[in-house]
Amino acid sequence: MIVCKYMDLETAEKCLENGTIRFIEPKSWKDPYEKLFYCANYKKELGWKKNMPTLLATCITPTTSCEAAWKVYTYGKTEGKKGLCTQFVFDFEALRKELLANIPSGLKMYEGKVTYRQTSTINKLRTIDSYLFKRFFSSELNIETCLSLMLIKRPAYRYENEIRLFLYTENESYQFEENNKCKYIDIKIDFAKCLKKIVVDEKATKEQLSIISNLAKELKIKTIGHRLYNEVPSSCFLDPKTECKKG
């Protein structure tokens, strides 16, 4: 199975240079509905003993061709490397094997496919007297409930066909790195064993493409430019005198 991970060009270069994949807290996600349950104060709002434990995630998709993804993963920026999308194409089984072999002791990995729910359904989940709330929640949070909540997304994003990989720990004193009040961890992997190819935004300059191509070349990984519109013919209709060449 092939899966893709999208990121901006600057992040892609850092991943290759460091040989790492970053898992980050859902509070960093842009869509407020995605991080709604993660950032909730269960102690204050429901009187429960604990809030949601620390979860770190990285997102992938088995959809190899999705033009919308090339827009979304540049994070709304239009200039520099942050404004250029990059697609890493992985052998999923090899990626999974690399991650499981390299996650630090004390961490566990969970893999789940996103379910797409209407906004009204998400609101019922968070309404304490609704049947969905009572059916979904127990008196306290458990890890299964937490992970299920973090796999809910609005149907506007169904095109992403997303799979999420989570890291979590039952050790509350586990120390993660932190940036801008957001926890993360970089997992070392051997890209040469799991990364099949790299596709770079067609707007990248020759110099920008050359930098990431050289990084990938050291790992014997193919780099190509994204080509959605570049091969469109100049005229709409075929010349009837032109014959198709065989072979």
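The values are calculated or read from the model by the stated rules, or taken from the named source; none is laboratory data. Fair warning: this is a prediction, and the values are worked out from it, not measured in the lab. In this analysis, Cβ positions are derived from the backbone assuming ideal geometry, glycine residues included, and neighbour counts consider all displayed protein chains. Heavy atoms of the whole protein, side chains included, go into the accessibility calculation; ligands, DNA and RNA do not. Shrake-Rupley method; radii C 1.70, N 1.55, O 1.52, S 1.80 Å.
Observations on the structure shown:
- Overall form of the range 145-198 per C-alpha gyration tensor (a/c, 1.5; a/b vs b/c): oblate
- Mean residue ellipticity (222 nm) of the chain, computed from DSSP H runs ≥ 4 via -39,500 (n - 2.57), nearest 500: -7500 deg cm²/dmol
- Within the assembled protein chains, the solvent-accessible surface assigned to M109 is about 40 Å², based on a 1.4 Å probe.
- Residue-count net charge about F136 - beta-carbon cut-off 15 Å; Lys, Arg +1, Asp, Glu -1: +2
- Cα-based shape type of the range 92-238, given that a ≥ b ≥ c are square roots of the gyration tensor eigenvalues and the cut on a/c is 1.5: oblate
- Taking trypsin sites (Lys or Arg not before Pro) as exposed when their DSSP state is a loop state and no more than 14 other Cβ atoms lie within 10 Å, the longest site-free interval of the chain runs over 78-180.
- Mean-position separation - Cα centroids, the range 156-183 and the range 16-87, in angstrom: 8 Å
- Normalised by the number of residues in the chain, the average gap of Cα pairs under 8 Å and 6 or more apart makes the relative contact order 30 percent.
- Spin-label pair Y131-K197: with each label point 7 Å from Cα along the Cα-Cβ axis, the two points sit 5.0 nm from one another.
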